[in-house]
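Please treat every number below as a calculation from the coordinates, not as lab data. All values reported here derive from a predicted model rather than from experimental measurement. Quick reminder, even Gly has a Cβ in these numbers, built from the backbone with ideal geometry, and neighbours come from all protein chains shown.
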Amino acid sequence: LQPANARSVHQGQSFWSDLMDKQAFSKALTIVDDPLIARGLGSRHYDGEGISARRLPIVENGVVRNLYVDTYYGRKAGMQPTTGSASNRVIGLGKHSRDGLLGQVGEGVYVTSWLGGNADRTTGDFSLGLRGHMIENGQIGRPVGEMNVTGNLRDLFNRLELVGNDVYPYSTTLSPSLVFADVDFSGA
C-alpha cells in the first residue's frame, strides 16, 4: 500500500493523490490496517515513531478514508499523524466460500502464487507473473504457469466483484479470495 503513504501523496508520487473521501474502488473493497490482531505477524503496540497502535480504516466500501501519515509528513502536509507504516493489512471478508466463488466465476484463472513483477505507485500500472489453474465449468482445471497479468491497480480494484470468506492467516496481508472481472492475462 505504498500509494496510501502521505509521503508519496505529498510528493505527487501516488495514484491515490486525489482520492481521499472519494469512491475510488469497488464497493466490495474494504481495507483496514489493524496492528492489534492477537498473534498477527505485523502486530505491535506502537509504531516506529512511538505513535500508539490503533485500528485504521484505509478503504471502506471502496471509499478512501485514511493514509499512512508519519509525524514529519503530518506536519508538512497539515494532516493528523496516523501511523508511519503498515502493520496487518486486512481485506474485509465477503460471504462466499472458495468453492462458491469458483462456481460463480465459471471460466477464468485461479491464481495460487505470484512470481514477482512490478507496480508503479505514481500511475498504478502493474505487471505481475503468476502461477495457478484455469477455472473450467466452476471447477479447478489444468495448471498454468509463466503467465502474466497486467493493468492498472485502480482499474483492477474497480473490477472487484466478489469477496470470499476464506483468509490466509500467515501473512501481514490478510486477504480472502477475490474475484475480478475482465482482467488481462497473457501466456500459459
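Considering only GLN80, GLY100, PRO169, the residue lying farthest towards the positive end of the dipole of the chain is GLN80, judged by Cα position with unit charges set on Cβ. Rounded to the nearest 20, the size of the Cβ-charge dipole of the stretch 98-163 about its Cα centre is 140 debye, with Lys and Arg at +1 and Asp and Glu at -1.
Note on the stretch 20-112: semi-axes of the ellipsoid equivalent to its C-alpha gyration tensor, largest first and rounded to whole Å, are 31, 17, 10. Counting only DSSP beta bridges whose two residues both lie in the chain, roughly 90 percent are antiparallel.
Counting only residues at least eight positions apart within a chain, or on another chain, the lysines with an alpha carbon under 29 Å from that of LYS95 are LYS22, LYS27. Under the rule a/c < 1.5 gives rounded, and otherwise a/b versus b/c splits prolate from oblate, where does the stretch 98-163 land using the Cα gyration tensor? Oblate, since a/c reaches 1.5 and b/c is not below a/b. Computed from label points 7 Å out along Cα-Cβ, the spacing between ASN152 and THR173 is 2.0 nm. Each Cα pair under 8 Å and six or more residues apart adds its sequence gap; the mean of these over the residue count of the stretch 46-86 is a relative contact order of 38 percent. Extension gain, LEU115-GLN13: 0.36 nm per intervening residue step, less the Cα-Cα distance, totals 34.2 nm.
Contact order, relative form, for the stretch 98-163: 31 percent (alpha carbon pairs under 8 Å, 6 or more residues apart, mean separation divided by residue count). Among LEU160, LEU101, sorting on how many other beta-carbon atoms sit within 10 Å of each Cβ, with the fewest leading, yields LEU160, LEU101. Once you order the gyration tensor axes a ≥ b ≥ c over the Cα atoms, which shape class does the stretch 6-57 get: rounded for a/c under 1.5, otherwise prolate or oblate by comparing a/b with b/c? Cα axes put the stretch 6-57 in the oblate bin.
Between TYR46 and SER85, the distance separating the two model label sites (each 7 Å from Cα on the Cα→Cβ line) works out to 1.5 nm. The stretch 22-57 and the stretch 112-138 have Cα centres spaced 24 Å apart. Taking 12 Å as the cut-off, the amide N atoms of the stretch 149-185 that come nearer than this to a point 7 Å along the Cα-to-beta-carbon line of SER127 belong to 149-151. In loop segments of the stretch 73-152 as defined by DSSP, the GluC sites (Glu not before Pro) with at most 13 further C-beta atoms inside 10 Å of their C-beta are GLU107.
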